[in-house]
Amino acid sequence: MKLSGSILSSKYSAKEAINVYDKTDIDYIHIDVMDGKFVESKTYTIGDIIKFSKLTNKPFDVHLMVNNPDKYIDDLSILNVNNITFHLEATKKPLEVIEHIKNNGIKVGMAISPETNVKELLDYLPYLDYALVMTVTPGASGQKFMESMLYKVEILKKTIEEKGFKTLVYVDGGVNEENLPLLKEKDIDMVVSSNYFLSGNTKEIINNLKKD
Ligand code: DX5
Ligand code: ZN
């Protein structure tokens, strides 16, 4: 299971969180970009992300919680960004966004918020590198894991298997020690976490999970 460490934290500044993750075996650093429109909060600008990229060689996993994700893609593509996730709910032209991300040589993922029906995502599966199921309401770290979202994972995994697609399935929000066994059982390909990874001994938590 791949691990992506989110830098949204009440304990550390973004810079400190990046420095903490940099010393671990984490696969990606997860940057939650919020525009104050798609979600209420506002976080990092492209300028911030350029600064972050100078602090680490770890690849970035960028989660765009923004309207019109298209306008962020070219700027991100010149940085060490491995994945870009955008929300199905945030654009009227998902296929164009997918194409744009792919044309920049970046892995593309589509996220769905808890209120979105998973069936809306199924048609896009053949074009995506991964689907991301939100297990909290987008906008903040430290929320409670919504176990009721796991049926979406089951439907996605079943469809992917039946149709022979290569799409991976990621989960973001409220991941912790208690629900990780369940997520492993569901064969989730990558989990994102902030609160769990950053609240304890980050290096120990991550390096132990990577050994499993
Ligand atoms: C929520 C973000 C998540 C969040 C995860 O809007 O997309 O990536 O930072 O934080 P935890 O693990 O604390 O739920
Ligand atoms: Zn996220």
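No lab work stands behind these numbers, since they all come straight from the coordinates. Values in this document were obtained by computation on a predicted structure and should not be read as measured data. Here Cβ is always computed from backbone atoms with ideal geometry, including for glycine, and neighbour counts include all displayed protein chains.
Under the rule of -39500 (n - 2.57) per DSSP H run of 4 or more residues, summed and divided by the residues of the chain, what mean residue ellipticity at 222 nm is obtained, to the nearest 500 deg cm²/dmol? Don't skip to the end; give the middle numbers.
Values: 9 runs with 71 residues, N = 212.
One gets -9000 deg cm²/dmol as the mean residue ellipticity at 222 nm.
Using a Gaussian network for the chain with springs between C-alpha atoms less than 10 Å apart, which of these wobbles most: Y196, Y72, Y151?
Y151
For the chain, modelled as a GNM with alpha-carbon contacts under 10 angstrom, which of K157, K15, K54 fluctuates the most?
Highest fluctuation of the listed residues: K54.
Give the aspartates and glutamates whose C-alpha is closer than 16 Å to that of K54, dropping any in the same chain fewer than 8 places away, or say none.
E16, D22, D75
From Cα pairs below 8 angstrom and at least 6 apart in sequence, can you work out the relative contact order of the chain, rounded to a whole percent?
Details: 403 pairs, mean separation 48.3, N = 212.
The value is 23 percent.
Projected onto the charge dipole of segment 99-168 (+1 at Lys/Arg Cβ, -1 at Asp/Glu Cβ, origin at the Cα centre), which of I106, G142, V153 gives the Cα projection farthest towards the positive end?
The residue sitting most towards the positive pole is I106.
Using Cβ counts within 10 Å as a stand-in for footprinting exposure, how do D129, D25 rank, fewest first?
Result, fewest neighbours first: D25, D129.
Using alpha-carbon positions, what is the distance between the centroids of segment 70-131 and segment 1-35, in Å?
Computed from Cα coordinates, the inter-centre distance equals 20 Å.
For the chain, divide the Cα radius of gyration by the Kirkwood radius and give the resulting Rg/Rh value with two decimals.
The Rg/Rh ratio comes out at 0.93.
Aspartates and glutamates near K186 by alpha-carbon distance under 19 Å, same-chain residues fewer than 8 away left out - which ones?
Cross-link targets: D129, E147, E154, E161, E162, D172, E177, E178, D212.
Given the options D48, D32, D172, state which has the largest fluctuation in a GNM of the chain using a 10 Å cut-off (strictly under) for Cα springs.
Looking only at D48, D32, D172, the biggest GNM fluctuation is shown by D48.
On a straight-distance basis, which aspartates and glutamates could pair with K15 in a cross-link, Cα separation under 12 angstrom, same-chain partners fewer than 8 positions away excluded?
Within reach: D48.
If neighbour count is taken as other Cβ atoms inside 10 Å, put F145, F60 in order from fewest to most.
F145, F60
Between their Cα atoms, which of K71/K184; K2/K51; K51/K166; K92/K158; K107/K158 are more than 30 Å away from each other?
K71/K184; K51/K166
Arrange the following residues from fewest to most other Cβ atoms within 10 Å of their Cβ: Y12, Y130, Y21.
Ranked by crowding around the Cβ, least crowded first: Y12, Y130, Y21.
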